[in-house]
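A.B. asks: Before anything else, here's the structure in question.
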Amino acid sequence: MSLPTGTHLLPDPQAVAREAAERLIVACGETGSERIAICLSGGSTPKVLYGLLAGPDYAARVPWERIHWFFGDDRVVPWDDERSNVRMVREAFGHGSRIPSTHLHFIPSDAGAEVGARAYEQTLLDFYGSETLDPVRPLFDLVLLGLGEDGHTASLFPGKPAVDETARLVAPVPEAGLEPFVPRISLTLPALASSRHVLFLVTGTGKRPALARLGAGEDLPAGRVASVGDVAWLLDAAAAG
């Protein structure tokens, strides 16, 4: 099948996570700023990546004091809920991680979808230092994303209003397109595009149909993601077929 432009094939999920770790460290070294902004993704493969970064092979290479970590989306559930990306990230990095407490910027999902979306948008703008994004000064140095079996990414589902949002950086998603059917909060395509690099991590045979649809040119949310720099896809052998 035809694969997205910028695809890199790797043997398995562990290799995908290691390649992502190397690329993250390179992205950190490229920025001339004292602050680095990285947008995190939920999912099983990113969880392996976060564990690697906090582990013995990578921890000493990560500039923890400079990195601010943001979230691409989350479910409107308490942070200790097993469906929460906050809980997943905390567990993956380890509760004794090197991340300064003020550098992990959670989506306030406990406030509800609409209020939480507006609050998180203000968090992004306060960090950025302006009420509008400048195309030549991206918000994020690196955005990590996954691919859903229906072609969604973050919580931007096919046919849902958040996919076509152009004015807001963060949108409420009252109705998810896949299980679990709980409301979500998601960064929008304009927010994701304000990035120096975008990196998709895609593993497993379940992703083949979505990849085939993208390769065939179907208009799916994941295929609409742009970046000031490059959009790269790290695929394992099972996903690539």
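A.B. asks: So who's got an amide H within less than 5 Å of the one on V143, skipping anything under 5 residues away but keeping other chains? H placed 1.01 Å off N, in plane.
C.D. replies: Those qualifying (amide H under 5 Å, at least 5 residues apart or on another chain) are C39, H197, V198, L199.
A.B. asks: Please compute the length gained on full extension between A111 and E91, using 0.36 nm multiplied by the number of residues separating them and subtracting their Cα-Cα distance.
C.D. replies: Details: separation 20, 0.36 × 20 = 7.20 nm, distance 2.25 nm.
Net length gain for the segment: 5.0 nm.
A.B. asks: Next question. Please give the solvent-accessible surface of R224 in Å², to the nearest 10, using a probe radius of 1.4 Å with every protein chain present.
C.D. replies: Counting only protein heavy atoms, the figure is 90 Å².
A.B. asks: Oh, and also: Over the stretch 125-241, what per residue volume does the convex hull of the Cα atoms give, in whole Å³?
C.D. replies: Hull volume over Cα atoms, normalised by residue count, gives 103 Å³.
A.B. asks: Suppose R0 equals 41 Å. What FRET efficiency, 1/(1 + (r/R0)^6) with r the Cβ-Cβ distance, do T166 and S33 give to the nearest 0.05?
C.D. replies: 0.95
A.B. asks: Counting only heavy atoms of the protein chains, get the accessible area per residue of the stretch 129-203 (1.4 Å probe) and round it to a whole Å² value.
C.D. replies: 38
A.B. asks: Work the Kirkwood hydrodynamic radius out for the stretch 1-106: mean of 1/r over every pair of different alpha-carbon atoms, inverted, in Å. Spell out each step's value before the answer.
C.D. replies: Working: mean 1/r = 0.0677 Å⁻¹.
In the stretch 1-106 this quantity evaluates to 14.8 Å.
A.B. asks: Give the carbon-plus-sulfur fraction of the accessible surface of the chain in %, rounded to a whole number; probe 1.4 Å, heavy atoms of protein chains only.
C.D. replies: On the chain, the fraction of accessible area on carbon and sulfur atoms equals 52 percent.
A.B. asks: How long are the semi-axes of the equivalent ellipsoid of the chain, taking √(5λ) for every eigenvalue λ of the Cα gyration tensor, in whole Å from largest down?
C.D. replies: The answer is 23, 22, 18 Å, longest axis first.
A.B. asks: Kindly report the accessible area of the stretch 1-69 per residue (heavy atoms of protein chains, probe 1.4 Å, no ligands, DNA or RNA), in Å².
C.D. replies: On a per-residue basis, 46 Å².
A.B. asks: Related question: Within the stretch 56-75, list the residues whose amide N lies under 15 Å from a label point set 7 Å along Cα→Cβ of T102.
C.D. replies: Of the residues in the stretch 56-75, 65-69 have backbone N under 15 Å from the label point off T102.
A.B. asks: Using 0.36 nm per residue of separation minus the Cα-Cα distance, give me the extension gain between D230 and A212 in nm, one decimal. Could you put the intermediate results ahead of the total?
C.D. replies: Working: separation 18, 0.36 × 18 = 6.48 nm, distance 2.10 nm.
So the extension gain works out to 4.4 nm.
A.B. asks: Moving on to the next point. What are the ³J(HN,Hα) couplings of the stretch 26-36, residue after residue, when phi is run through the Karplus curve with 6.51, -1.76, 1.60 and θ = phi - 60°? Round to Hz, x for glycine and proline.
C.D. replies: Once rounded to whole Hz, the list reads 4, 4, 5, x, 6, 6, x, 8, 6, 10, 10.
The values are calculated or read from the model by the stated rules, or taken from the named source; none is laboratory data. It should be emphasised that the depicted structure is a prediction, and the values quoted were computed from it without experimental measurement. All Cβ positions, glycine included, derive from the backbone under ideal geometry; neighbour counts span all protein chains shown. All accessible areas refer to the heavy atoms of the entire protein, side chains included, with ligands and DNA or RNA removed. Shrake-Rupley method; radii C 1.70, N 1.55, O 1.52, S 1.80 Å.
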